[in-house]
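Worksheet for the structure shown next.
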Amino acid sequence: MEQDHGRAPWVALSVLCTGFFMILTDTTIVHVAIPAMMHAMATDLDQVLWVVNAYLISYAVFMIPAGRLGTRYGPRRVHLAGLALFTAASALCGCATSAGQLLAWRAVQGLGAALVTPQIGAFIAVLFPAHRRGAAFGTLTSVMGLSIIAGPLLGGVLVTRAGWQWIFMVNVPVGIAVLLLSATLLPAPPPTGRRGTDLLGVALVTTGLTVLTYALLGSGRPHRAPALCTGVACLVLFFVQQRGNNRSPLLPRALFAQRDFATANAIGAAVHFAVIGSATPIALLLQQQLHLTAMRSALLTAPTPLAAAAAAHISGRLADRIGGKPLVIGGLLTYAYGLVLLGSQARPGMAPWELLPAMLLADLGIGSALAPLTKIAMDAVDSRHAGPASGVLNTSRQVGGILGGAAVGALISRQTGSAAQKSPPRTGAAPGAPDYASALHTTTLLTAGALFLAAIAAATLTPAPRPPRHPRRTAVLRLDALPAVVREGHGYQAVQILTATRAAARGRREVIGFEIADADGSAAWSRLLTGLRSHRLGLASVRYVVCDEAPGLAAAVGAELRLPTRSPGGARDPVPELRRTLQRHLDTAGPAHTSAALAAAVREAIAAQNRRWAAAPRPGVRARLPRVPR
């Protein structure tokens, strides 16, 4: 059920974004500390790289089961459990004394992150109505962009000033603060599924994703091809098993029926394929061939995630107004063009800042596409399935990123190795050194091709429904309930005079309907509004307004007629003047003996008021003053 709690959703979203920022920063902050960890633990690069990969594998593998846990036990419980596990694992990572211990605790840390991430989408589906989710997902995407900057910069400062252990220990105070704020400020949506756990589905998806990511990340390791085949086979069996499971599937059957959701997952995987696939050759070009330090490289590329964050914030709000499909297509094509431009400009010996315009253009495309894409995916499913849907969406993105890193890594290794042996270096390159500029040109063509195919897929998305068109000069229907008394044989009965007053923004006002009701006016409101619609009293240009002083109107409007509502604004409120006119007529005539007599008195008072309004100058129009003879 959709809810809108005013400003409270944004307070809750700020807490969610803080925890999400901490989790995403941990995916990039470790890269800066790799040399320091190698020296401190006396180990090789391959073993330290698996400290990074253990987190990525655990994070990607457990998100789908974590989304299902959120629907069974409630997203708040699972979210808090994930934050607690992530914070405790971060402390244990900082206390690790060997590479094996660090690898194990990083896997636990990834499990905690996987428990947290799918619940964020579930919370947004509960906190925000559909027409405001684009802005929320835009804010979330902006946090992703900021985490890309903060990871390397914060990691460099902590490793230099305090030691590599503090890239993990810094999560402890932040995690505790987010945990306390989450327990206090986040709502507690009720669980939507209490049936049994799909243990076979959990086993298939975790085994398949673990073996697949191990095979993709373990370049050069033995048994890579059998592991790749085993992982794909387990995932195929998982999807077949989910389609045939009618009791308690890990993925609700409704997800398979939504074409837009499946398309959005494929597009999200393609975007992250390009993001991760292009990051490695850019970093190699800047640091290995253009000889920038890691800190200077991070500072050079820092404006590009900021551009992506700003574009995501704007595109998320635009998606609420015009729909997400055109923004996704435009963002994907902009991103592809930026990558092609980046690859064509790369050359040995160039000034590094010359790459910045193309990188800014590419990141503007990323931000423009991701926030509307997330909104399309989450709007395509019922809010009850938001947890599993968010888990599938984030898992597909992680797998796409792993595929991009593996494919581009293999392509760079093959191209730089063969180029060094068969051809002389390009102008400006050192003899025998790998030509990463040529490698960047080739890999950007690959990633841009993936984005172009994603743009073709985005063209098949369902367009957003067009909002209703209102005339330029829109009237406001002001509804009010005025108290009155009917005299009976043995006493008096309190009744209500329900009125509907049409007031144009800069035009005339008139009362176009009224009803006499007893204390419960719900049925009378329905009669009044239905009568106005049936008589077609110029309501095509009316925006309906629910007044706070009209008891029972919200139920009549929302449940029966479902008219749009908005706060009164624009023209000056005519109700007080009508109230005074009715009071004068009723006080002069005294309490009516019947409801019919009261209706006649009200009709006479309304006619007098309408005549007075018709003769008065229109609001906002200055009356002409008579000319004074000279």
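Arranged by the count of other C-beta atoms within 10 angstrom, fewest first, what order do E577, E354 take?
E354, E577
Step by step: find N for segment 1-197, compute 2.2 N^0.38 Å, then divide the Cα radius of gyration by it. What's the final number?
Compactness ratio reported: 1.06.
Laboratory data are not the source of any read-out in this text; all were calculated from the coordinates shown. Being a predicted model, the structure only gives us computed values, none of them experimental. Counting neighbours? That spans all protein chains shown, and the Cβs are built from the backbone with ideal geometry, glycine included.
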